[in-house]
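Okay, so here's the structure we're looking at.
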C-alpha cells in the first residue's frame, strides 16, 4: 500500500508532537519484532533504560547462492 509506506516516512516528524509517540509493528514491516523495536525506540526517547543487552548475538547468515532462487 503506497499510502501506508508514505505515511511511515512521515512518522519521524510526528514523533513527540504534543507529547504523543507512535509505536507498533505497522511502523516498519509488520513483524512482532518491528513492534518491539519501535516501542524500545520510544522508551529510550523518554529516558527509559532498557533492562536487557540489545547487542546482536553475532550469528552469520549461511552463504547464499542466488542461482537457487530462480
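Each residue, residue 6 and residue 41, gets one label point 7 Å from its Cα in the Cβ direction; the gap between the two is 2.0 nm. Give me the log10 of I(q) over I(0) for segment 1-49 at q = 0.22 Å⁻¹, as the Debye formula computes it from C-alpha points; what are the numbers? Normalising to I(0) and taking log10 leaves -0.80.
None of the figures in this text is laboratory data; all of them are computed from the coordinates on show. None of the values given here were measured: they were computed from a predicted structure. Every residue, glycine among them, receives a Cβ derived from its backbone with ideal geometry; neighbour counts consider all protein chains shown.
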